[in-house]
Amino acid sequence: MKPITATEAATAAAVELFEITKRFPGVVANDRVNLRVAEGEIHAVVGENGAGKSTLMKILYGMQTADEGRMLVGGTEVRFSSPSEAIDAGIGMVHQHFMLADHLTVLENVVLGAEPTRRGMIDHRSAHRHLEELGKSYGLDLEPTDLVESLEVGERQRVEIIKVLYRGAKVLILDEPTSVLVPQEVENLFHNLRELKAKGHTIIFIDHKLEEVLAIADTITVLRQGRTVTTVSSSEVTAAELAELMVGSELPKPSTEPRESNQQKTLSLRSVTVSGDDGRPAVSSVDLDIHRGEILGVAGVEGNGQSELVEAILGLRPLAEGDLLLDGESISHWPVRRRREAGLGYVPEDRQRRGLLLDAPVWENVMLGHQTRRPYARGPWLDRSKARDAASQIITDFDVRTPGVDTTVRALSGGNQQKLVIGREMSARPQMLIAAHPTRGIDVGAQAAVWDNLRKARREGMAVLLLSADLEELIGLADRLVVMLRGRLAAELDPSTTTPRLLGSHMTGASVDGESDIK
Amino acid sequence: MSIRRVALALAAPVCAFAFSIGLSSLVLMAFGTNPMDAWTEMLSYGTRLETFVETGNRATPLYLAGIAVAIGFRMNLFNIGVEGQYVLAALLAASAGAAVDLPPILHVILIMVVAMTVGSAFAGIAGYLKVSRGVHEVISTIMLNAVALAAVGFLLRSWLLDKNDTTLNMMTPEIPPSGQFPHLNSLVETFTREITRGRQLWGFMLVALAVGVLFYAFLNRTRAGFDLRATGLNPFAAEASGVDPAATVVRTMLLSGAVAGLIGLPEVLGQAHRYDLGFTRGLGFTGIAVALVGRNHPGGIAVAALLFGWLDSSAPILDVVGDAPREIVSILQGVVVLAAVVAYEVVNRIRRVAEARDAATAMQHPTETTDRSVS
């Protein structure tokens with residue numbers, strides 16, 4: 001595995017991005033990102049959620065503008081202020097969530113916004129002819145008169161692809177195209193993509209499923225925390241190496257502490273099965289014990305049932321089967337509030353959505369989730385002055401940088417919002433702390449503070465369930481590690497003898513010795 | 001900081017009102033009227049004691065309507081059904097009040113309880129439909145408005161008519177004096193001159209004030225109020241914090257309906273002492289506008305209700321002196337609502353930017369309170 005440099009790449013570049021930087025309040029989504037996509041190749045952009053892939057593609061497609069940096073398309077410098085300018089330059093994007101009108105036909109959807117007209121009327125005949133030609137030449141089977149609502153997901157995706165081709169795109173961006181497809185459809189999609197490549201199109205393929213990336217891409221660019229890590233040829237890299245590149249090893253390492261064994265079970269999961277949004281089991285018969293004073297790390301590629309597991313423990317999602325015991329008592333039928341009162345702390349994966357009231361002041365956010373308890377409440381009444389005192393204490397103890405307790409949380413940076421959430425949960429002294437991706441999207445300084453606090457929680461005897469996509473973080477902090485794969489516990493590992501590489505191969509279901517046998 | 005806050009909070013409604021006056025003046029000019037004449041006329045008529053009494057009487061039900069709507073708005077529930085809830089509640093409460101004979105205070109309390117129960121139950125239907133069947137409350141409350149108004153017509157004609165009435169004005173029997181709410185004229189007159197022209201300031205205004213205070217205390221001082229506000233701000237975070245979303249929807253609708261039930265009572269208890277065909281309708285819809293202009297805040301709603309009440313009670317002079325059509329006031333009210341909504345959004349953005357700047361400064365220079373004391 002060796003990085004490809006610009007001088008080595010012989011073919012002309014279809015798209016080149018230099019030093020693209022995009023900042024959002026409190027977060028740098030893209031930090032001097034470079035990307036070179038050669039003409040006629042399938043180029044995968046991989047990285048964990050929050051690595052900056054989508055932002056980069058939105059910039060290339062004109063949905064957002066970069067704060068700094070240059071873009072070259074076909075050798076000429078461009079600056080897009082809207083997608084229609086990108087389309088004019090020959091760039092098309094197939095979104096993860098399809099943008100189709102269900103009650104219109106395939107043909108109508110394809111021409112929508114770019115209708116061929118004859119004397120002011122839509123020229124159906126020429127559109128029909130054009131569509132059939134496209135379909136034939138790219139092997140994209142579609143019946144132009146079918147209603148979109150009658151189509152399968154894979155067919156809808158083909159409509160999206162044709163829509164882009166119809167507008168004359170030479171470069172196609174596909175944003176996580178396989179996330180909605182079943183394996184058979186993935187095969188078909190890959191077949192279509194190879195067909196497009198053979199006809200001279202360039203494809204930029206966003207994904208985080210490593211097997212798929214290796215199967216389809218010629219070249220792979222890895223992004224991590226908004227920066228380009230490297231660009232490699234897919235024939236020279238293994239899934240395990242990619243996983244390591246994605247999560248990185250240059251980050252400040254969370255140091256470990258001596259572990260004392262404690263066998264008092266705080267939370268027990270007994271053959272827990274949970275249904276996902278689609279009704280199929282997202283978590284299947286998971287048995288797990290989390291002990292006092294222990295950090296249990298859960299590793300897994302996004303979408304393997306971790307989120308559903310957390311929601312089930314918290315009571316946001318019902319158990320399909322099995323039982324949950326907190327200190328030996330079944331809590332499966334308890335509502336969320338009772339579970340929280342019994343000592344479940346929760347640092348949500350998406351803190352803005354699940355953890356904060358962005359338009360409320362800091363002190364009210366500190367009450368959230370604890371509003372039924374002292375010092376925040378006395379009987380049915382809120383104790384505002386005590387709540388404000390408690391909020392100032394949390395601001396001090398957890399180093400939340402805010403002008404004061406009355407500041408609206410929306411004004412705080414991502415890292416400070418996260419410190420506020422962690423501070424709130426920890427200062428309530430829960431028995432059990434669920435921390436889902438606690439360091440996602442925050443800067444390195446805040447990250448170290450979060451790690452300190454998790455270690456402190458463990459010292460104080462809390463049981464901590466830590467979910468993370470950062471393998472170094474898991475290995476460094478956890479006392480025990482389990483890997484979730486397709487809703488099941490695929491492995492239990494001892495962090496002291498595990499490497500990110502080994503963990504990565506368990507996560508992707510690749511062979512244990514790290515040698516890739518995935519095609 | 002706090003001065004800036006207050007200034008920003010006041011800037012929005014003041015700008016909105018000034019803009020509305022300006023636009024309405026243009027409309028008046030377009031119709032060949034001198035706007036200054038019209039406004040002067042309204043101002044001189046509108047500052048008389050009798051007009052103030054009328055303003056209070058009109059503002060009281062509007063205030064209750066505004067609160068009823070705001071309770072829903074505070075958790076992103078659109079109770080469009082306040083209209084149906086209060087008309088039905090007023091009819092049944094007036095009938096119940098006429099049917100019994102109780103000691104004075106108890107009698108009034110009974111009528112209020114009946115009104116609140118009817119309003120609450122009727123609004124509860126929409127809440128139940130939302131949580132059990134996923135019916136959006138806007139749809140169900142609009143439909144229920146039609147049901148309520150039809151039910152009022154049917155009930156009044158079939159069962160609740162005053163048998164002794166000979167006037168052909170369909171009405172319920174009169175509520176005996178023990179069930180009537182005393183007026184506040186003597187109280188006001190200790191500070192002012194005598195109120196003439198038979199005007200009476202309805203005592204129910206005090207109940208409305210109490211409802212406003214209770215609403216404020218509930219929202220800001222109780223756990224249940226916090227749950228409701230949290231759900232309105234972010235239903236997902238509220239759920240994770242232990243708020244039961246379904247129960248909160250039903251509870252909020254019941255509460256909103258209970259306040260809606262009171263809207264008709266100032267008129268029923270203070271003046272008509274019965275439900276008849278002259279009963280004021282449409283307050284439920286005006287209440288939506290009042291809540292919007294008042295930013296769903298009990299104090300803001302009071303100002304908005306007084307503004308709307310004053311405009312309504314001083315407009316009739318325009319017809320008398322013939323300077324301008326009184327409908328100009330409706331235009332003015334409509335423009336105020338739109339302008340206020342826009343102005344609030346603008347102020348909101350200014351405030352957000354300012355706060356983000358303060359927070360950014362705090363990040364670079366940690367202040368006393370944010371000093372790091374734990375490693």
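No lab work stands behind these numbers, since they all come straight from the coordinates. Remember, it's a predicted structure, so these values are computed and weren't measured experimentally. All Cβ positions, glycine included, derive from the backbone under ideal geometry; neighbour counts span all protein chains shown.
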Going by how many other beta carbons lie within 10 Å of each one, how would you line up B:ASP37, B:ASP244, fewest first? B:ASP37, B:ASP244
Compute the Cα gyration tensor for region A:254-347, then decide on rounded, prolate or oblate, letting a ≥ b ≥ c be the square roots of its eigenvalues: rounded whenever a/c is under 1.5, prolate when a/b is larger than b/c in the other cases, and oblate in all that remain. oblate
Under a plain spin-label model, where a point goes 7 Å from the Cα along Cα-to-Cβ, how far apart in nm are B:MET29 and B:PHE285? 3.1 nm
Taking the Cα centroid of region A:350-398 and of region B:55-112, what is the distance between the two, rounded to the nearest whole Å? 35 Å
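For the residues A:GLU85, B:GLU355, what sequence is obtained by ranking on other C-beta atoms within 10 Å, fewest first?
On the way: A:GLU85 14, B:GLU355 20.
In order of increasing Cβ crowding within 10 Å: A:GLU85, B:GLU355.
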Report the Cα centroid-to-centroid distance between region B:218-239 and region A:480-496 in angstrom, as an integer. 38 Å
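If you take all C-alpha pairs in the protein assembly as shown, what percent of them are over 36 Å apart? Please list the in-between numbers first.
Working: 242589 of 399171 pairs.
Value for the protein assembly as shown: 61 percent of Cα pairs lie more than 36 Å apart.
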Residues in region B:110-152, backbone N under 18 Å from the label point at B:LEU214 (7 Å along the Cα-to-beta-carbon vector): list them, ranges by number please. B:110-124
Could you tell me how far the Cα centroid of region B:133-165 sits from the Cα centroid of region B:278-293, in Å? 17 Å
Ascending count of other beta-carbon atoms within 10 Å, so fewest first, for B:ARG357, B:ARG133: B:ARG133, B:ARG357
Report the FRET efficiency, 1/(1 + (r/R0)^6), for A:SER81 and A:ARG353, where r is their Cβ-Cβ distance and R0 is 35 Å, rounded to 0.05. 0.75
Could you work out which residue, out of B:VAL249, B:VAL320, B:VAL336, moves most in a Gaussian network model of chain B, that is, has the largest mean-square fluctuation with Cα springs under 10 Å? B:VAL320
What is the extension gain from A:GLU115 to A:SER271, computed as 0.36 nm multiplied by their sequence separation minus the C-alpha to C-alpha distance, in nm to one decimal? 50.6 nm
18 Å cut-off, amide nitrogen to a point 7 angstrom out along B:ASN164 Cα→Cβ, residues in region B:97-124: B:97-102
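For A:HIS124 and A:SER137, calculate 0.36 nm times their separation in residues minus their Cα-Cα distance, and state this gained length in nm to one decimal.
Working: separation 13, 0.36 × 13 = 4.68 nm, distance 2.00 nm.
The A:HIS124-A:SER137 span can extend by a further 2.7 nm.
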Using 0.36 nm per residue, how much length does the chain from A:ASP327 to A:ASP67 gain when fully extended, once their Cα-Cα distance is taken away? 88.4 nm
Zone of B:PHE78's modelled label, taken as backbone nitrogen in region B:130-167 under 15 Å from a point 7 Å along Cα→Cβ: B:135-145
DSSP-defined antiparallel bridges as percent of all bridges, chain A, nearest 5: 55 percent
If you fit an axis through the alpha-carbon atoms of helix A:183-198 and take the longest principal axis of the Cα set of chain A, what angle between them do you get, 0 to 90°, nearest 10? 40 degrees
I need the calculated FRET efficiency for the pair B:LEU338 and B:SER44, taking r as the beta carbon distance and R₀ as 25 Å, to the nearest 0.05. 0.35
A student asked for the Cα radius of gyration and Dmax of region B:61-321 in angstrom ought to give 18.9, 62
Per the 1/(1 + (r/R0)^6) rule, R0 = 56 Å and r from the Cβ atoms of A:HIS95 and B:VAL113, FRET efficiency to 0.05 is 0.50
